[in-house]
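Participant: Right, I'll just put the structure down here and ask away after.
The values are calculated or read from the model by the stated rules, or taken from the named source; none is laboratory data. Everything quoted here is computed from the prediction, not taken from an experiment. With ideal geometry, Cβ positions are generated from the backbone for all residues, glycine too; neighbour counts draw on all protein chains shown.
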Amino acid sequence: MGWQRACRLEELPVAMTRPVTVADEPLLLCRLDEQEIYAIEDCCSHDDAPLAGGTLDGRQIVCPRHGARFDVTSGAVLKMPAPVAIAVFPVRLTDDGWIEVEVAP
Amino acid sequence: MAESAVLSVASKPTVSTEMVTALSRTLGEHPGALAWRLRALARYDALTLPNRTEQRWRYTDPLALLPSAEALLRKLTSAASGSGNETAQQAAAEWKRLRDDEPAVLLMPGDGPRLNAAAEAAGVAIAPLWQTDADEELIGRAVPAAAGLFAALNGAAWNAGMTVRIPAGVELDQPLRIVLPAAAVSLPRLLIEVGPQAIATVIEEHCGGAAESRVVSVTELLIRPGARLHHVLVQRWQDGVHGHMTVRGRIERDAHFSSATAAFGGRVSKLDLGGILAGAGAHSELRGVVLGDRRQHFDHHTLHHHLSGNTRSDIDFKVAMAGRSRSTYTGLIRIEPDAPQSEAYQENRNLLLSAGSRADSIPELEILTDEVSCSHGATVAPIDPEQLFYLGSRGLGTDEAIQLIVRGFIASVMDRLPETVQTTVAELVSARLVRVTGGI
Amino acid sequence: MKSDQIDNLNAEYQQKYGFADPEDYVHKAPKGVNHEVVEMISRYKQEPDWMREFRHQAFDVFERKPMPRWGNNELLDSIDFDDIHYYIRPTDRQATDWEDVPDNIKQTFEKLGIPEAEQKFLAGVTAQYESEVVYHSIREDIEQLGVIFTDMDSGLREHPEIVRKYWGTVIPPDDNKFAALNSAVWSGGSFIYVPPHTKVEIPLQAYFRINAENMGQFERTLIICDEGSEVHYIEGCTAPVYSTNSLHSAVVELIALEGAHIRYTTIQNWSNNIFNLVTKRAHAHRDAVIEWVDGNIGSKLTMKYPAVYLLGERAHGEVLSIAYAGSGQHQDAGAKMIHAAPNTTSRIVSKSISKGEGRTSYRGLVKITKGSTGCKTNVECDALLIGSRSRSDTFPTMEIAEKDVRVEHEARVSKLADEQLFYLQSRGIDPDQARLMIVNGFIEPFVRELPMEYAVELNRLIELEMEGSVG
C-alpha cells in the first residue's frame, strides 16, 4: 500500500486527535506538537471499539470508555483494562501540507 | 488535560418527506404505501445511529453500511424521475446467466420482473410492491419499520419492491429465483407470502455492485399454516460493496421455514436473519456458510423468537475466515413465557485459516419458561494439524487438503441447498478456496 | 409458590441470618455521597494524600460514568444513591481477641458460626461489620512465614509501598460506575501479601456483614501472591432482611506473580434486599493460576463477572460458579477470560438454578488477543429451570483474534427433569426431597470444590431455598 494521504495538516490542530480511514484501516491521528504527529490503530485493545473521542494527555491517549491508556508513540499499553499494545503506523508530512501514513498491505 | 474533540462528525443520511412522496408517486404505488412510508420515515428520523456499545453493533460501524446523504438523494430522485437504469446492463447479464427453463424472477429498477410459464400456470403472482391495497395487511408483519434504523430506512425509502404470492396448496417443483443486483444505492424490499399448505423454494441472490455501493434490503417471508418455505440467500457482491440485509420469516401454525445462507462477497456485510415462531407446531431451521478472505468483514445475526408453544428451531452456522477477514456471529434464541414445550438448538463453528483472520461468536439464550429444551455450542479453531497430516500421508498436497477439510466443514450446509443454486454456490466456494489456499 | 411458603422461607432466613442488631455506632455518616463525604472518610482514616486524591478523582469518574445499560436496567435505575449511608463505623477499635469484640457484634458473628470455623480450619479471619473490620486474627505460624493478612485500612497504613504499587492497577476507577464509587468511598476489606515460594496450606477467611438499613458496604480487597506462592481466601456475606434496599459494591484485585496460585472462594448469601454489584478481577502472570469459586445464593440483584487477565505465558484461569435465583431475585453473573499471552488456558463452569419467578443470567467473555497462540479455553453453562415463570439467560461472548487456539463453548437450559423426578418418586422418595436431590446433584461439581464446612453450609442453604419448591 505504501504511503497514503490521511488528511491536511491544518485539519488536525495541535493537541487534537482525528479519526481517519486509510486503506481500509481505521486510524487515529494524534498531533502532539507542531511537527509531532502519530498514527495509531483506532481501536482499544480492551473492548475493540474506537479510541476516537478519547483525550490526549501528553504522549498518552486515554480511552473514552474505561480509561485505558496507550503511548501513542509506541502503542504500548500503560494502564488497564487494556491487555495488550495497539499498532502504530509511520507518519510523514509532505511539503504541500499533507499528513501521510504508511499502511502495510 | 484538554478534551480533544472528534473532528469529523458523521451521521445518518437525511431523507425528506418530499423525497419519499415523489418516490412513491413515481413508483405508482397505492396511496396506503405512502402513508406507511411516512410513518417509517418518522421512525427513521427519531432513531439515532446504533451505538457501538450495543451488543448487536459492537463489531460493525453502522455508518459503514449507510449510503451518504448525497448518494441517497441522487438515487431516490433518479428513481423518482423514472430514469434509474444504471443496473439495467448488470441485470441483463444476470438474466442471461439464468437457465431458460428456470422459473425466475428478476428484480431491478427500470425493468419489470418476469416469471416463466410454469410458475405462472401454478398461480404464482408477482407484482411491484403495494400497487394494490392487498399488500396493506402483509407489509411490516415480519419486519416492522420500528425494528431498527435499517428497517426504518428501507421502510421509508425502498426504491424497488416486489410482492410474490404463492397460492394455498401449490407445490412448486422449481425454485423461484430473485436476483438483486447492487447499484450505487439499493434499497430493495421483498414481500413473499407462501399460502397455507403450499411448498416453495425461493432463492434471493445479492450480486453485482462496485466499491462504493450501499445496499439496505428487507425481505419479509410470511409462511402460512402448514406451508413449507425453503429460503436461500446467496450474497456474492463484488468487492467493496457495503450492505445491510434483513430477512425475517414469520412462521405460522405447523409451517416450516428452512433457510440457507451462503455469504462470500462485499467488503462489509451485515445480515439480520430470523424466524418468528408464531404458531403451534412451527419449525424453523437456519443454516449458514460464510467464507471470507482479504479484508472482508461479515456480521451475521440470527434470531429465533418462540412466541408460541410446541415450536422447534435449529441453527447451524459455519464460518471459515482467511486473509485478514473477520466474522462476527451473534445469535439470539428467545422463548417467551407463553411458549412452553419448545425446543431450540444452535451451533456456530468457526474455522480460522490464517493468522490475520478473526472470529467472534456470541450465541445468546433468553428462556422465560421452564418446559423447554435448549442448548447452544460454539467453537473457534484452526484446521486440525492432525487432519492435515493424515491427508498429507494419503498423498494430498497442503492446498488440496485444506480445500477438502473446508469442504467437509461446510458440507452440512451445502447439502441443504437446492440443486439450482448448488452449482452456483459450489463455484463460489471453489473460487474462494483457490484464492484462500493461495493466500495462506 | 404459595404465600405461606414464602413466609415460611423468610422465617427461616430471618432466624438464621436475617436478624438485625440495634444500631449503636461510633460514627454514622449522613445519607448521600459527595466530595465532602469522600473527604470525611479519608480524613477519618488519616490516609496519605495520594489515597485521598485517588478517592476524589474516582468520585468525579463515578459522577461522570453512566449506569450500565445491560443486565437489569429497571433494578439498576431503582438504586437511589442519595438514600444510602456510605460510611458507618461500628466500633472504635479493631479486636484481635474475640473477647474484645463488642457484645452485640460478637453475638452476631457467633450466630453465624465464625469463631467456631476459625478454630476448626482457618489460618486467619477477618470480620467486617458495616464499613469497618471489627475483628481480625491470623495464626502465628502463618504470620511467621511472612504472610501479611490484615484489613485493607491497616494494610495501607502498615505496608504503603506494596499497596501503592498494586492499588487500582487491576481495576482502575474508570472501569465502571460501581468500581468508581467503591474507589471513592471504600472502607475495609482484606489485604494479603504472600512472600515468594510460600504456601499457605489452610484458607484465610473474611466475613462481611451489613446490619444497618440503607447501608452501603464498599470493601476493597487486594491480594498479591508473590512468585511461586499459594493462598486460598474465602469470603462469606449476609445481611438482615429490611424493606428498603442496601448496596454492596466491592472491588477485589488479585495479582498472581510468576508461578503463584490464588484460589478465591465466595459464598454470597445476602438477604433479598441487597444490590450486590461487585468488580472482581485478577492478573495471572507467567505460569500463575487463578481460580474463582463463586456461589451466589442471596441478594436482590447481583452483577458480578470474576475476570482473569492471563498476562504471562502458560497462565491458567478458572471460574467455577453457581447461582440460585428465587422469586424477586436476579443473579446476573458470569466470568471473563482475557488471553493476552501465548499458551494460556482457561475454563469456565457455570451452573444456575431459577425457581419461581427467579431469573439467572450468565454473561461471559472469552477474548484471545492477536499473537496469543496455543491458547485453549472451555466454557460450560448449565441452567436449570423450576417453574413456568422462571427465566434463564445466557450471554457469552467470544472474541478470537488468533488462529492457533481452541475455543469451545456449550450451554444447556432445561427443566428439572420429570423422568428423574418420576424415578425417585417411584423409589418412595417424596417430591420435595426428590427435587432437592436433583438440585444437589446438579450443583455437586461446585460443592465438591468447597472446604467441607462450607459444603455443608451451602447444602443447607439450598435446602432452605428449595423448601416448598412445588410451584
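Participant: Say whether the condition of being away from chain B (no Cβ under 14 Å), surrounded by 17 or more Cβ atoms within 10 Å (Cβ to Cβ) and touching an Asp or Glu at 6+ places or on another chain (Cβ under 8 Å) is met by at least one residue in segment C:421-440.
Facilitator: yes
Participant: Taking the options A:47, A:57, A:71, name whichever one is free of Cβ contacts under 8 Å to residues at least 40 places away in the same chain, within 14 Å of chain C (Cβ to nearest Cβ), closer than 30 Å to residue C:398 by Cα and not basic (Lys, Arg). Don't jump to the end; show me each part of the working.
Facilitator: On the way: A:57 fails: closer than 30 Å to residue C:398 by Cα; A:71 fails: within 14 Å of chain C (Cβ to nearest Cβ).
Exactly one residue qualifies, and that residue is A:47.
Participant: Please verify whether segment C:79-95 includes one or more residues that are assigned to a loop (DSSP other than H, G, I, E, B) and farther than 21 Å from residue C:26 by Cβ. Spell out the reasoning first.
Facilitator: Here is the first cut: in segment C:79-95, the residues assigned to a loop (DSSP other than H, G, I, E, B) are C:79-80, C:84, C:86-87, C:90-94.
Still in the running and farther than 21 Å from residue C:26 by Cβ: C:79-80.
Looking through segment C:79-95, at least one residue is assigned to a loop (DSSP other than H, G, I, E, B) and farther than 21 Å from residue C:26 by Cβ.
Participant: Residue check: is residue B:384 within 14 Å of chain C (Cβ to nearest Cβ) and without any contact (Cβ under 8 Å) to a residue 24 or more places away in the chain?
Facilitator: yes
Participant: Determine if segment B:32-55 includes at least one residue that is at pLDDT 85 or above and more than 22 Å from residue B:14 (Cβ to Cβ).
Facilitator: Looking for residues that are at pLDDT 85 or above and more than 22 Å from residue B:14 (Cβ to Cβ), one finds at least one in segment B:32-55, hence yes.
Participant: Taking strands (runs of 3 or more DSSP E) that fall entirely within segment B:294-381, which contain at least 2 residues that are within 11 Å of chain C (Cβ to nearest Cβ) and more than 22 Å from residue B:414 (Cβ to Cβ)?
Facilitator: B:326-335, B:342-352, B:358-367
Listed here are the residues, each with its yes/no results for (1) out of contact with any helix residue (DSSP H, G or I) (no Cβ under 6 Å at 6 or more places or on another chain); (2) part of a loop (DSSP other than H, G, I, E, B).
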{"site": "A:40", "(1), (2)": "yes, no"}
{"site": "A:44", "(1), (2)": "yes, yes"}
{"site": "A:47", "(1), (2)": "yes, yes"}
{"site": "A:51", "(1), (2)": "yes, yes"}
{"site": "A:64", "(1), (2)": "yes, yes"}
{"site": "A:67", "(1), (2)": "no, yes"}
{"site": "A:78", "(1), (2)": "yes, no"}
{"site": "A:86", "(1), (2)": "yes, yes"}
{"site": "A:95", "(1), (2)": "yes, yes"}
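Participant: Take residue C:408 and tell me if it is at pLDDT below 90 and within 14 Å of another protein chain (Cβ to nearest Cβ).
Facilitator: no
Participant: Applying the selection to segment C:387-422, what residues are in a strand (DSSP E or B), under 22 Å from residue C:373 (Cα atoms) and in contact with a Lys or Arg (Cβ under 7 Å, 6 or more places away or on another chain)?
Facilitator: Hits for segment C:387-422 are C:399, C:400, C:406.
Participant: Considering each of A:89, A:70 in turn, give the residue that is in contact with an Asp or Glu (Cβ under 7 Å, 6 or more places away or on another chain), at pLDDT 95 or above and of a type outside the set (Gly, Ala, Ser).
Facilitator: A:89
Participant: When the residues of segment C:20-73 are filtered to those that are away from chain B (no Cβ under 14 Å) and on the phi > 0 side of the Ramachandran plot, which remaining residue is nearest to the chain's Cα centre (by Cα)?
Facilitator: Taking segment C:20-73 first, the residues away from chain B (no Cβ under 14 Å) are C:20-56, C:58-59, C:62-63.
This time we only want the ones that are on the phi > 0 side of the Ramachandran plot, so: C:32, C:46.
Values: C:32: 24, C:46: 28 Å.
Among them, the one singled out is C:32.
Participant: So which of C:401, C:335, C:383 is facing another protein chain (nearest Cβ under 10 Å) and either over 21 Å from residue B:337 (Cβ atoms) or at pLDDT below 95 (or both)?
Facilitator: Of C:401, C:335, C:383, the one residue that is facing another protein chain (nearest Cβ under 10 Å) and either over 21 Å from residue B:337 (Cβ atoms) or at pLDDT below 95 (or both) is C:401.
Participant: Out of (1) modelled with pLDDT under 95; (2) in a helix (DSSP H, G or I), the odd one out for residue C:23 is which?
Facilitator: (2)
Participant: Hey, another quick one. Among B:197, B:174, which is touching a Pro at 6+ places or on another chain (Cβ under 6 Å), surrounded by fewer than 24 Cβ atoms within 10 Å (Cβ to Cβ) and in a loop (DSSP other than H, G, I, E, B)?
Facilitator: Answer to the check: B:174.
Participant: Going residue by residue through segment C:261-270, is there one that turns out to be over 9 Å from the mean Cα position of the chain (by Cα), in a loop (DSSP other than H, G, I, E, B), of a type outside the set (Phe, Trp, Tyr) and not assigned by TED's automatic domain parsing to the domain that holds residue C:460?
Facilitator: Looking for residues that are over 9 Å from the mean Cα position of the chain (by Cα), in a loop (DSSP other than H, G, I, E, B), of a type outside the set (Phe, Trp, Tyr) and not assigned by TED's automatic domain parsing to the domain that holds residue C:460, one finds at least one in segment C:261-270, hence yes.
Participant: Follow-up question, since we're still on this one. Which residue, of B:294, B:326, is on the phi > 0 side of the Ramachandran plot, surrounded by fewer than 24 Cβ atoms within 10 Å (Cβ to Cβ) and among the charged types (D, E, K, R)?
Facilitator: Going through B:294, B:326 in turn, just one is on the phi > 0 side of the Ramachandran plot, surrounded by fewer than 24 Cβ atoms within 10 Å (Cβ to Cβ) and among the charged types (D, E, K, R): B:294.
Participant: Next up: Taking segment C:296-324 as the region of interest, how many residues are touching a Leu at 6+ places or on another chain (Cβ under 6 Å), within 25 Å of residue C:467 (Cα to Cα) and buried (at least 24 other Cβ atoms within 10 Å of the Cβ)?
Facilitator: 1
Participant: Kindly indicate whether any position in segment C:209-219 is touching a residue at least 40 places away in the same chain (Cβ under 8 Å) and within 14 Å of chain A (Cβ to nearest Cβ).
Facilitator: Looking for residues that are touching a residue at least 40 places away in the same chain (Cβ under 8 Å) and within 14 Å of chain A (Cβ to nearest Cβ), one finds none in segment C:209-219, hence no.
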